[in-house]
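Working notes, structure below.
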Amino acid sequence: QVQLVESGGGLVQPGGSLRLSCVASESILGKYVGWYRQAPGKQRELVACITSDGTTIYANSVQGRFTISRDNVKNTFNLQMDNLQSEDTAVYLCNIRPPAYWGQGTQVTVSS
């Protein structure tokens, strides 16, 4: 059982930045890593991911504002979120696969 521990969420004003981190208890080398989010009353959606072949994919809504990165040595992957907007408010969850494991989620709230 792989443990994923997220950190970095919080409350930020519109236009602000946050950096989320996800630390895995085992190697993430060669694995798909991704960040998802779920807002109240909405379905979970992909925010950004890095596939096993190194392809980076972003949701249209965050393209140009968010950056995903990974450090295979530290078994960590991050999500740098800039120019945050109220519609980015959600619980953010990290994910690796295969097999699929999820973090516990971290709340991001964008509000003035």
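The values are calculated or read from the model by the stated rules, or taken from the named source; none is laboratory data. Computed from a predicted model, the values in this text were never measured in an experiment. We place every Cβ from the backbone using ideal geometry, glycine too, and count neighbours over all the protein chains shown. Heavy atoms of the whole protein, side chains included, go into the accessibility calculation; ligands, DNA and RNA do not. Shrake-Rupley method; radii C 1.70, N 1.55, O 1.52, S 1.80 Å.
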Discussion item. For the chain, which cysteines have no second Cys with its Cβ under 4.7 Å from theirs?
Written reply: 49
Worksheet item: Want the number for residue 100 to residue 32: 0.36 nm per residue separation, take away the alpha-carbon distance, what's left?
Response: 23.6 nm
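On full extension of the chain, what length is gained from residue 87 through residue 67, given 0.36 nm per residue of separation minus the C-alpha to C-alpha distance?
Numbers: separation 20, 0.36 × 20 = 7.20 nm, distance 1.72 nm.
Gain on extension, residue 87 to residue 67, equals 5.5 nm.
What does the charge dipole of the range 57-112 about its Cα centre add up to, to the nearest 20 debye, if the Cβ of each Lys and Arg holds +1 and the Cβ of each Asp and Glu holds -1?
Values: 4 positive and 4 negative charges, 48 e Å.
Roughly 220 debye for the range 57-112.
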Worksheet item: Applying the Karplus parametrisation 6.51 cos²θ - 1.76 cosθ + 1.60 with θ = phi - 60° to the phi angles of the range 69-86, what ³J(HN,Hα) value in whole Hz is obtained for each residue in order, glycine and proline being reported as x?
Response: 8, 9, 10, 5, 6, 8, 6, 10, 9, 10, 9, 8, 10, 10, 6, 5, 10, 4
Item to complete: Mind checking the per residue accessible area of the range 12-86 for me, 1.4 Å probe, whole number of Å²?
Response: 52 Å²
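Placing unit charges on C-beta atoms (Lys and Arg positive, Asp and Glu negative, everything else neutral), compute the dipole magnitude of the chain about its Cα centre in debye, rounded to 20.
Working: 9 positive and 8 negative charges, 20 e Å.
About 100 debye.
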Discussion item. Given the options 59, 39, 24, identify the residue whose Cα lies farthest towards the positive end of the charge dipole of the range 1-60 (+1 on Cβ of Lys, Arg; -1 on Cβ of Asp, Glu).
Written reply: 39
Response to the item:
For the range 99-110, Karplus-derived ³J(HN,Hα) couplings (6.51, -1.76, 1.60; θ = phi - 60°; whole Hz; x for glycine and proline) come out as x, 7, 10, 10, x, 7, x, 9, 7, 10, 10, 10
Worksheet item: What's the carbon and sulfur percent of the range 27-101's accessible surface, probe 1.4 angstrom, rounded to a whole number?
Response: 50 percent
